[in-house]
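Just below is one structure, and these are the notes that go with it.
What follows is calculated from the coordinates using simple rules that are stated; it is not laboratory data. Note that the structure is a prediction, hence the values are computed from the model and not measured. Glycine also receives a Cβ, built like all others from the backbone with ideal geometry; neighbour counts cover every protein chain displayed.
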Amino acid sequence: MPTSTRFVVAVHVLAALAINNGKPLRSEDLAFSVGTGPVVIRGLLSRLNDAGLTRSQMGAGGGALLARAPERIRLLDVYLATEDSGLFATHRTEPCRDCVVGANILQAVAPSLARARQAMEDELGRTTIADIAADVACRAQPSVATSL
């Protein structure tokens, strides 16, 4: 079952904004970096804006900017801003209540899924966009430009 790419693409966008040091980036430029269309980027920017992670600068030379310092944007903030559904999907239809497994499986698996989600959220809460941007910058080849 495929999962959403919104979170990782949003991290990509925010890292690009952080690396660009306060220079606004157009959705077309971000889309080029991500390898997607500007409409996808604008949809993500809308979610990120609603969460207070980005803002828009209008007019000539305008574009998207970080709304807070990259050190203050945790990956957990990005995850919560971009993902709609729970981490784990359950059955599309209700399991059979006449079966011992079907009648009890969701309650039996719920505690493990809750612990797994908490562990993921704890990890995402420890990493910031500044951490990701610094890692990207360290990995960049010397011949690669430091901005978009």
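In plain terms, the residue of Phe7, Phe88 with the fewest other Cβ atoms within 10 Å comes first and the most crowded comes last, giving Phe88, Phe7. Pairs of Cα atoms nearer than 8 Å and 6+ residues apart set the relative contact order; for the chain it is 31 percent.
Taking the longest Cα principal axis of the chain as reference, the axis of helix 100-126 is set at about 20 degrees. Relative to the Cα centre, the charge distribution of the chain, modelled as +1 at Lys and Arg Cβ and -1 at Asp and Glu Cβ, gives a dipole magnitude of about 220 debye.
Counting only alpha carbon atoms, the long axis of helix 6-19 and the longest principal axis of the chain meet at about 20°. Computing volume of the Cα convex hull per residue in Å³ for the structure here picks out one of (1) 99; (2) 134; (3) 180, namely (2).
Annotation: cysteines of the chain without a disulfide-compatible partner (Cβ-Cβ under 4.7 angstrom) are Cys138. For the stretch 14-91, the relative contact order is 29 percent, taking Cα pairs closer than 8 Å that sit 6 or more residues apart in sequence and dividing their mean separation by the residue count.
Using a Gaussian network model of the chain in which every pair of alpha carbons under 10 angstrom is joined by a spring, one finds that among Ala67, Ala116, Ala31 the greatest mean-square fluctuation is at Ala116. Once you reduce the stretch 8-43 and the stretch 47-104 to the center of their Cα atoms, the two points are 17 Å from each other. Under the simplified labelling scheme, the Arg115-Glu71 pair shows an inter-label distance of 3.6 nm, with each label point 7 Å from Cα along Cα→Cβ.
Angle check, please: helix 129-139 long axis (alpha carbons) against the longest principal axis of the chain (alpha carbons), in degrees 0 to 90, nearest 10. Rounded to the nearest ten degrees, it is 70. Taking the Cα of Phe88, stepping 7 Å toward and past its beta carbon, and measuring to each backbone N in the stretch 111-130: which are under 18 Å? Answer for the stretch 111-130: 111-124.
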